[in-house]
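Computed from the coordinates by the stated procedures, all read-outs in this text should not be read as laboratory data. Just so it is clear, the structure is predicted and the values come from calculations on it, not from any experiment. Counting neighbours? That spans all protein chains shown, and the Cβs are built from the backbone with ideal geometry, glycine included.
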Amino acid sequence: MSHLIPSSILPLVVPVLCAVVIVLVLPLLAGYIVLVERKVMAGMQARLGPMRVGPHGLLQPIADALKLVLKEDIIPARADKVMFWLAPLVSVTMALLAYSALPIGPAFQIADLNVGLLFIVAVSSLGIYGIVLGGWASNSHYSLLGAMRSAAQLVSYETAGGLALASVLLLAGSLSMKDIVQAQLDQGIWFAFYVPFGFFIYLVASIAETNRAPFDLPEADSEIVAGYMTEYSGFRWSLYFLAEYANMIIVAGIATTLFLGGWLRPLARYRDHFPGTSVELLDAVPPLLALAVALYCFHLAPKQPVKIQKLVMAGAGGACAVVALALAGALFAPASVMQGVHGAFWFLLKVFTYIYAFMWFRFTFPRYRFDQLMRLGWRFLIPLALVNVIGVGIAIVLREQFDWNPFLSLVPTTLATLGVAMWLVNDDAPAAAANLEATIAQSGDGE
Amino acid sequence: MVLANMLFYFFALLAVGSALLMVTRRNIVHAAVFLVTTLLATAGVFLQLQAEFLFVTQILLYAGGIMVLFIFVIMLVNLDVEMLLVQFNRQWSVAGALAFALAVQVFFALWAGRDTLHLPAPPSQLALKNTETVADALFSHFLMAFEIASILLLVAMIGAVVMGKRRVE
Amino acid sequence: MKAERETAAFGNAQNVETTVLGADEIILNMGPQHPSTHGVLRVKLRLDGERVVDSECIIGYLHRGVEKIAEHRSYQQFAPYVDRMDYVAAVSNGLGYCEAVEKLLGAEAPLRARVVRTILTELQRIASHLLWLGTHALDIGALTPIFYAFREREEILKIFEKYCGARLTTHAFRIGGLQYETYDTFERDVKRFCDDLGRKIDEYETLLTANRIWLGRTRGVGVLSAADAIALGVTGPALRASGVKWDVRKAMPYAAYDRYEFDIPTRDSGDTYDRYSVRIEEMRQSRRICLQAVEDIPGGPIMARIGKVLKPPPGEVYHSVEGPKGELGYYIVSDGTIQPYRVRVRPPSFLNLQAFQRMAKGAMIADVVAIIGSIDIVLGEVDR
């Protein structure tokens, strides 16, 4: 087969195929993540969520996509047409472009750049143009202000997130995503446990990066200043929406790769085998998990009120059983296939857990006011991230120059960072109290 | 090789074309966006020269940081009036003559040195990755310049904050 | 022309300032159609950048001429109209009106009726505060408490529906007492609801009370000092949050409130957080009253002997009750006929809304929404 393809094109075939898969799958995936979010939101709010469009609302994303595509395309009267058209395009392109360096399992990566991490961060920072141009092109004072605020928020939290990533880079020693996961395998521990503050800072920064609650003031509906998306409707709006959810998956992917071990199984170095086979004990977990989910679906199926819901639930159970079989089958396949399949499974599991945490935060916390948001970014996260980087640097020096145990070297620096964090967090208190005094005084003598 | 050449010509054309478009646009935001495209195309050329750290830094800092600030300023300053003004018409002839003289000189220089324009091909496998090499150089040979640049940036930041504070009167 | 209109908008009789807009000032209009103004309220804000320099509430979009209608209805015929003023807490309106007319007639509802009235009014207070909690939290960005609050509110509305057939505009009371006897599982329903409510209020508190973000959005926001509150005629939880311990249920007891033990929660800084805290505590106290009252509802008649045609002797009466929003008062003038000469309602939301201008001075735009929510207004009552 390979002699049919010219040798200059051959190395490009697999990456292009991966890229095609991502571009085709991602919009569908983003749509279904929206459905999952609505169902999770409903579950947390003691209600059911979408139930009508398809059994259990499973066709809801299709219906929404159809509606958005068929909607009238409204462009504000004096808007800059070229920019209006370009802005959502930039957002989506940058969001999708970032996937080119993201490894989904050891076998699926479009390009293993040796500056992969920096590339993803750089491309995410280009996504700001989509927001800024969108707000400006709408020819509305409030859209522009909302866009500026959004962009300022993104820039501030990018700094904090980047510093958190830098602390992991010190431990991993390389910018290539594959090497970072390999470093976690070599050092035997996920970096989230090594640098918990780095993980925490990146978690908060990534929520702000994707404009999710509690940092979603620029796009909230009960606020007065409208967001940059106000004048966009129909398909253009759905592009922005797709960009937002694609961004969410990207930051989850980065966090998983850097902090949660990427495609590594938990306890990746534990290599006990099943007696007589070369199958490792813990590698049986994925098929068992999938089987457990399948059994749960089968258990729920008879309890559904409507026949079609019963069928769909049973079908979901069947699909999970097929996944379980595939995972189990992969155990006996050649090592690269096994690694690829199981690696992808663990990666996707961790990414979805991270995204579930995002959803959980959205429905639990109220929204930050914009100045509080900026204060949090600049006066808490960035100093904390700086201290964290310095701490990790000191820990590495202790480990390499003075031969301390790796865990032991991180304990004092983590404690120091914790101390700084507690101090920074309470540093707001005097400012807030002063604010309170001022407003009381002001209202008192404003007779 | 063919693919590499095609890519190079693509990036080069994009860069030159965007630069030309940038200087001829009336709408200043369009011009800024074309500048961003020029920078991105240049970054592509860097990548082809196997300078991947420069490629990423160009995107991250130049296109993703500096140009964003440019665009902020452009959008917050109301430039509608300026856009409608007629540009400097009277100096067209002088400008044209000077540009022609410069173009003649550049073409002559290129034609005279056309034999020396072949750059050595970059080694196919660099000993150290680009990032490490840059970092190594910055922190050993060029440490002084690096520190001075950092202090300069710090001074600029503090100056900006001080000047931007609202005067409480 | 525009400057004159703006002067008229922002000046007042004593202090006509020239309102030339400063260099960075803009006028922002919020409403009347806006998700967070809780009804058809229009708020004009004069902003200096992010800060509110001055504000004005423009009301009247829901004015229905209720007080004028009263002059053309008999006393009993007017009773359903009062429910529609504060439509979120209809029962309290009905209580105030019926007791006012009873005062005018010189009659008193029998004890059984008064006790049942107390229970229903306190349940209505809880329901009103639940709705307030849900919408206030929603404005500030907490998407979940509203659903939990409405789940509890649904239980109360079910009790009302079983009692008098209506969930919202109940017309539960009659002049002289009650029309309907309590239904057979009334005590059990109320008791079960109140037993459950304690845990549920703790749930809401877990989500909000100690949450950094909630504290950041509500602490120090919209401060109203006690002196200002009294001067502006603010009553209800907003007054108590500013430190003034005044509750009509304790000061001038009505219905059966003097039979039960309950506390009046107060706080001292008068910011949005304190108004939230006072209302949460009030829900707990209302639950306490209900539990005590439902233990022994006395037997006896539910209607006083006042006859079918009500012709109070000429005279006037002012009677106020502590509604969930504040002191709800009725000033009724009778001229001896079957229709009142004048019914004037003292709407707590209207007077509390006056304080908005004071509270919003110096606040940021994002706080305006929180402040409006914390005053707890119902436009039906503000405009009548």
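Things worth noting here:
- Between residue A:82 and residue B:13, the distance separating the two model label sites (each 7 Å from Cα on the Cα→Cβ line) works out to 1.9 nm.
- Net charge over other residues, Cβ less than 15 angstrom from the Cβ of residue C:295 (K, R count +1; D, E count -1): +1
- Springs between Cα atoms under 10 Å define the GNM used for chain C, and in it the highest mean-square fluctuation of C:243, C:326, C:222 occurs at C:243.
- Net charge of neighbours whose Cβ lies under 14 Å from the Cβ of residue B:138, counting Lys and Arg as +1 and Asp and Glu as -1: -3
- Approximate spin-label separation residue C:27-residue C:162, in nm, with each point projected 7 Å along Cα-to-Cβ: 5.4 nm
- The mean number of Cβ atoms from other chains found within 10 Å of a Cβ in peptide B:33-40 is 1, as a whole number.
- Anchor residue C:68: aspartates and glutamates whose Cα lies under 14 Å away (excluding residues fewer than 8 positions away in-chain): C:383
- Kirkwood's formula applied to the C-alpha pairs of the range A:281-358 gives a hydrodynamic radius of 13.5 angstrom.
- Based on alpha carbons, the Rg and Dmax found for the protein assembly as shown are 34.4, 120 Å.
- Calculated FRET value between residue B:2 and residue C:48, using beta carbons and R₀ = 60 Å, to 0.05: 0.45
- Longest exposed-site-free window of chain A, the sites being chymotrypsin sites (Phe, Trp or Tyr not before Pro) in a DSSP loop that have at most 14 other C-beta atoms within 10 Å: A:1-269
- Each of A:29, A:387, A:318 was placed along the dipole of chain A (beta-carbon charges, centred on the mean Cα), and the one lying farthest toward the positive end is A:318.
- Lys, Arg +1 and Asp, Glu -1 on Cβ, resulting dipole of chain A about Cα centre, debye, nearest 20: 1320 debye
- Contour minus Cα-Cα distance for residue C:331 and residue C:251 (0.36 nm per residue): 27.0 nm
- Taking N as the residue count of the range B:1-78, its C-alpha radius of gyration divided by 2.2 N^0.38 Å amounts to 1.19.
- Calculated log₁₀ intensity ratio I(q)/I(0) where the Debye formula runs over C-alpha points of chain A, q = 0.08, 0.12 Å⁻¹: -0.55, -1.20
- Dipole of the range A:28-117 computed with +1 at Lys/Arg Cβ and -1 at Asp/Glu Cβ about the Cα centre; of A:109, A:61, A:98, farthest Cα towards the positive end is A:61.
- Amide H contacts under 5 Å for residue A:279, placed H, 5+ residues apart: A:274
- Cβ-Cβ FRET estimate between residue C:341 and residue C:64, R0 fixed at 30 Å, reported to 0.05: 0.90
- Estimated dipole of the protein assembly as shown in Debye, rounded to 20 [Cβ of Lys and Arg +1, of Asp and Glu -1, Cα centre]: 2040 debye
- Under 19 Å from residue A:310, Cα to Cα: lysines that are on another chain or at least 8 residues apart: A:39
- Taking Cβ atoms as reference points and 14 Å as the exclusive limit, the residues near residue A:408 contribute a net charge of -1, counting Lys and Arg as +1 and Asp and Glu as -1.
- Take the Cα of residue C:202, go 7 Å toward its beta carbon, and the backbone nitrogen atoms of the range C:291-309 under 20 Å from that spot belong to C:291-292.
- In straight-distance terms, cross-link reach from residue A:307 covers every one of the aspartates and glutamates whose alpha-carbon lies under 14 Å from its own, apart from those fewer than eight places away in the same chain; here that gives an empty set.
- Here r is the Cβ-Cβ distance between residue C:264 and residue B:70 and R0 is 41 Å; the resulting FRET efficiency, rounded to 0.05, is 0.10.
- Label-to-label distance, nm, for residues given as residue B:105 and residue B:27 (7 Å Cα→Cβ offset): 3.7 nm
- Computed over the range A:270-422, the convex hull of the alpha-carbon atoms projects to a mean area of 15.7 nm².
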